[in-house]
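Step one of this worksheet: look at the structure below.
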Amino acid sequence: MKPERYSTDTENKIIKAARKIFIKNGMSGTRMQHIADEAKINKSLLHYYFRSKEKLFDAVFKYALFKFIPKIGSVLNSDKPLFEKVELLTEQYMTVLMKNQFIPMFVLHEINTNPKKLYELLKQAGITPEKYVEQIEHEKRKGVITDINPEQLLINILSLCVFPVAARPLLQRIFFGNDPNKYRQFLESRKKEVPKFVINSIKIK
C-alpha cells in the first residue's frame, strides 16, 4: 500500500509526464529517467509507483483508453442518425488519437503479442457495437445506404483515422517538411474529411 503522502495526484502527474515522453520519443526511445525528469520527481519514487517502463506504458494506455472508450460507446449506442454517428465517431476518435499518439503503436503491439488482454480491456470499457450494426442493417433495408457490411464500415472509419497517426514520422516528413504544426493541422482536417469520404461512399444518391 502506498504511503498516504503519495497521493493519486502523483500517479496522475507521472502518467501525464509519461504520455508526453512516449509521444515524443516512442516506446523504444523512452527511458524511465526521462519520465522522472519530466514529472520532476526522483527515479526511485517513479519506480515505487511503476516498476518498469512496460508497466507505466500499460497504465498510460489504460488511462487514455478508459477516457476514450465511454465516449465512443455512447456514440455507437445513441439514437442519433447514422451519418451523424459517423461524424461524431470520427471526431471523438481523432481527438483522442491526436492527444495520445502512442495508442496505435501500443494496440498493434498488443494485437500481436496479447490479443486476449486487449479484448478484455475493450470489453471492460463497455464497447457493444450491436446497436450500431442493427442501425446499419436498418438503413440498408430503407435504401438509404449501399449494401455494405457493418464490420467493414466500422473498420474503414477506424483505419482512415489511425493510419495517419501511426505513420506520423513518415507522413510528417514527406508532406509537411517535418513541420509538426502543419501535420497537426492536417490531422484536424481529417475530422471533417474522413466522415465526408465515408458518407459519400455509402450514401445512395
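The values are calculated or read from the model by the stated rules, or taken from the named source; none is laboratory data. Fair warning: this is a prediction, and the values are worked out from it, not measured in the lab. We place every Cβ from the backbone using ideal geometry, glycine too, and count neighbours over all the protein chains shown.
Restricting to segment 189-205, count the residues that are exposed (fewer than 12 other Cβ atoms within 10 Å of the Cβ) and not β-branched (Val, Ile, Thr). Steps first, answer last, please.
Within segment 189-205, the subset exposed (fewer than 12 other Cβ atoms within 10 Å of the Cβ) is 189, 200, 204-205.
Next, from what is left, pick out any that are not β-branched (Val, Ile, Thr): 189, 200, 205.
Residues in segment 189-205 being exposed (fewer than 12 other Cβ atoms within 10 Å of the Cβ) and not β-branched (Val, Ile, Thr): 3 in total.
Would you call PHE175 over 24 Å from PHE22 (Cα atoms), aromatic (Phe, Trp, Tyr), modelled with pLDDT of 90 or more and not in a loop (DSSP other than H, G, I, E, B)?
Taking the combined requirement at face value, the residue does not satisfy it.
For MET1, all conditions in the list (1) at pLDDT below 85; (2) closer than 29 Å to ALA166 by Cβ hold save one; what is the number of the exception?
MET1 satisfies all of (1) at pLDDT below 85; (2) closer than 29 Å to ALA166 by Cβ except (2).
Within segment 150-172, count every residue that is under 18 Å from PHE22 (Cβ atoms), buried (at least 16 other Cβ atoms within 10 Å of the Cβ) and free of Cβ contacts under 8 Å to residues at least 24 places away in the same chain.
Residues in segment 150-172 being under 18 Å from PHE22 (Cβ atoms), buried (at least 16 other Cβ atoms within 10 Å of the Cβ) and free of Cβ contacts under 8 Å to residues at least 24 places away in the same chain: 1 in total.
Taking segment 24-71, which residues are among the polar types (S, T, N, Q), modelled with pLDDT of 85 or more and surrounded by fewer than 17 Cβ atoms within 10 Å (Cβ to Cβ)?
Across segment 24-71, the qualifying residues are GLN33, ASN42, SER44, SER52.
State whether one or more residues within segment 73-80 are out of contact with any Lys or Arg (no Cβ under 8 Å at 6 or more places or on another chain), surrounded by 20 or more Cβ atoms within 10 Å (Cβ to Cβ), under 29 Å from LYS205 (Cα atoms) and assigned by TED's automatic domain parsing to the domain that holds LEU160.
Looking through segment 73-80, none of the residues is out of contact with any Lys or Arg (no Cβ under 8 Å at 6 or more places or on another chain), surrounded by 20 or more Cβ atoms within 10 Å (Cβ to Cβ), under 29 Å from LYS205 (Cα atoms) and assigned by TED's automatic domain parsing to the domain that holds LEU160.
Determine if segment 179-188 includes at least one residue that is more than 21 Å from the chain's Cα centre (by Cα) and within 27 Å of PHE22 (Cα to Cα).
Residues of segment 179-188 that are more than 21 Å from the chain's Cα centre (by Cα), as a first pass: 179.
From the residues that got through so far, the ones that are within 27 Å of PHE22 (Cα to Cα) too are 179.
Checking segment 179-188: at least one residue is more than 21 Å from the chain's Cα centre (by Cα) and within 27 Å of PHE22 (Cα to Cα).
Just checking: which of the helices (runs of 4 or more DSSP H) contained wholly in segment 1-98 hold 2 or more residues that are closer than 30 Å to GLY143 by Cβ, within 23 Å of the chain's Cα centre (by Cα) and in contact (Cβ under 8 Å) with a residue 40 or more places away in the chain?
In segment 1-98, the matching helices (runs of 4 or more DSSP H) lie at 53-76.
State all residues of segment 139-149 that are buried (at least 16 other Cβ atoms within 10 Å of the Cβ) and assigned to a helix (DSSP H, G or I); if no residue qualifies, say none.
Within segment 139-149, GLU139, LYS140 qualify.
Quick one: which of SER159, SER201 is more than 23 Å from GLN101 (Cα to Cα) and either assigned to a strand (DSSP E or B) or not aliphatic (A, V, I, L, M) (or both)? Break it down stepwise before answering.
Working: SER159 fails: more than 23 Å from GLN101 (Cα to Cα).
After applying the criteria, what remains is SER201.
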